[in-house]
Structure formats: C-alpha cells, structure tokens
Amino acid sequence: MTIYQELATQIAEKHQKIGRPFIQGILGGQGTGKTTLASSVSAILAEMGYCTACLSLDDLYKTYCDRMILLQQEPRLIWRGPPGTHDIGLGLAVLDEIRNSHYNPQSPITIPRFDKSLHNGAGDRTNPEIIPHIDILLFEGWFVGVRPIDATAFDSPPSPIITHADKIFARDMNYQLTHYLPLWERIDNLVVLYPQDYRYSVQWRKQAEHQMKATGKPGMTDIQIEEFVNYFWRALHPELFIKPLVNSSKYVNLVIEINADHSFGKIYQPEK
C-alpha cells in the first residue's frame, strides 16, 4: 500500500466517524509535493466512492484589483502569497458551506479558483467550480495551519531575517497570521510535508524552473529564485513556524518527511 493509499484510508475512516463533510489540511512549503499529494489522495478517495474536492490556499487570494490597492497600502507585499494577501472571509464562507452541506445535500457548493497566468503572471480570480456534493475537502497550502509565535523569536532570528526592516516584516507577518486562525479552526485533520532540510526548497525551485525553461517557457534565473524563496522565508521562516508544529501533536496529526530527491522519508505522529 502506498503512502497515498494509506492516507486516503485514514481520511475515509475519520470522515465516517465525524458524520459530516471532512476537511483535511495539508501543509507543505515550496516543492514538498502538497499539490501532488492532494490530487493523488483525491483520486484514490474518488475510487473509494467519496465525493472529494481540492482547495488551495492560492484559490483564496484577493482579486487582482484588491491586491493592487493592498500593494499601495503595504509595498512590502511585492509577491502574492504571504499572510495578508488572501480573502479570509471567502475562505470561511467556503469551508463553512462545505462543513454544513449535509444539512442541505441538494444544494451545490461553489469552490473559488485562481488563475496565476492572468495579468502577466500577477494572477486573478477565475470562474469558480460548482460541485454538486463534497464528502471530503483536501485543503492545501504553504502555511495552512501555521500559527503565530512569540514575537521574541524575532529578536535573534535565523537568516535571511537579518536587517531591522526584515525583523519588522517578520513580526508583521506573524501578526497577520492571527487573522487566519478561524480558517484553521475549520480543519479537522492536519498533515505536514516536512523536508529533512527546509533549504531543499531552493534547489527544488531551481530544478522546476530549469525544466520549465527547457520547454521554451520563460522562467526565473537562479539568483531571482534565491531572492524569491528568501522573501517567503523572511515572511514565515520554516525554522520558526513549521518546526514547532511538527514537534507537537496539539495541531498536527501526521508528519511526512521529504528527502532531497522528493521521496518520502520517515512518517510519524508528533509526540503529545
């Protein structure tokens, strides 16, 4: 039995016990394979007879217009992705609609979708997906389930949080996370895809960009990739935000370690 099959079986069992639509969170940084995991598990659950849907944190981005306004107000949000660039109200509406849909099984569910190619790569909302019924939702994203930490952690933070401005940005992003907690409260179960070394994200992103450029599509240079990844580490550093989660069973149900070659390593439940 593959990891995907085992996870699908566990999710199905938990769904049956809970007696309503089940929301499975999947947390994983860049290149950890969270989208692949979600789509693979979704396909297996469909074969088992469950109506399953996938939702990415990316699908909850604010509209292009709203993000352009946000950029004027907060020029540090040069990339979409950090806390503050999502429509949390939309996310709550979607998750609540799914969780309560068993009360009105005839009513279809509207799932928002985001097209990253629009506006020259800035991205925007596209037509939502209408799904007749959902038993299980796989909700994945690079900081799904991540919680604010004690601000004293930014007094002596890891690189690339170096300058005074970096520390202020990190503290502000940490505060923004508080607005996401109601979303995380709707999650029934959380799986973390955890690289053995968080710095693998840089080489994974470079590999992906090189493969994309080999097909003739434009892509970032290695230096641009490093700047891009460092930006997100300054926002929510894996050592500060992910490491504490995988060492505690309070919020995380399962940890799947990811090796440098993208293969699965150790699988375990955090200690209580």
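The values are calculated or read from the model by the stated rules, or taken from the named source; none is laboratory data. As the structure is a prediction and not an experimental result, all values here were calculated from the model. Every residue, glycine among them, receives a Cβ derived from its backbone with ideal geometry; neighbour counts consider all protein chains shown.
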*Pick from PHE139, PHE143: which is part of a loop (DSSP other than H, G, I, E, B) and surrounded by 20 or more Cβ atoms within 10 Å (Cβ to Cβ)?*
PHE143
*Looking at this structure, is TYR4 surrounded by fewer than 20 Cβ atoms within 10 Å (Cβ to Cβ), among the hydroxyl-bearing types (Ser, Thr, Tyr), touching a helix residue (DSSP H, G or I) at 6+ places or on another chain (Cβ under 8 Å) and within 26 Å of GLN224 (Cβ to Cβ)?*
no
*Tell me which residues, restricted to region 247-269, are closer than 17 Å to GLN30 by Cα and within 18 Å of the chain's Cα centre (by Cα).*
VAL255, ILE256, GLU257, ILE258, HIS262
*In this structure, is ASN127 more than 24 Å from TRP184 (Cα to Cα), in contact with a strand residue (DSSP E or B) (Cβ under 9 Å, 6 or more places away or on another chain) and either polar (S, T, N, Q) or touching a residue at least 40 places away in the same chain (Cβ under 8 Å) (or both)?*
yes
*Check region 24-39 and report whether any residue there is over 16 Å from the mean Cα position of the chain (by Cα), modelled with pLDDT of 95 or more, crowded, with 17+ Cβ neighbours inside 10 Å and polar (S, T, N, Q).*
no
*Output the strands (runs of 3 or more DSSP E) that fall wholly within region 163-272 and possess 2 or more residues being of a type outside the set (D, E, K, R), in contact (Cβ under 8 Å) with a residue 12 or more places away in the chain and surrounded by fewer than 17 Cβ atoms within 10 Å (Cβ to Cβ), or say none.*
264-268
*So which pairs qualify, if the first residue must be in region 4-26 and free of Cβ contacts under 8 Å to residues at least 60 places away in the same chain and acidic (Asp, Glu), the second must be surrounded by fewer than 16 Cβ atoms within 10 Å (Cβ to Cβ) and part of a strand (DSSP E or B), the Cβ gap must be under 9 Å, and the two must be at least 6 apart or on different chains?*
GLU6/ILE267
*Which one is nearest to the chain's Cα centre (by Cα), of the residues in region 83-114 that are acidic (Asp, Glu) and surrounded by 13 or more Cβ atoms within 10 Å (Cβ to Cβ)?*
ASP87
*List every residue pair whose Cβ atoms lie under 9 Å apart, where the two residues are 6 or more positions apart in sequence or sit on different chains, the first residue falls within region 106-121 and is among the acidic types (Asp, Glu), and the second residue, located anywhere, is assigned to a loop (DSSP other than H, G, I, E, B).*
ASP115/GLY123
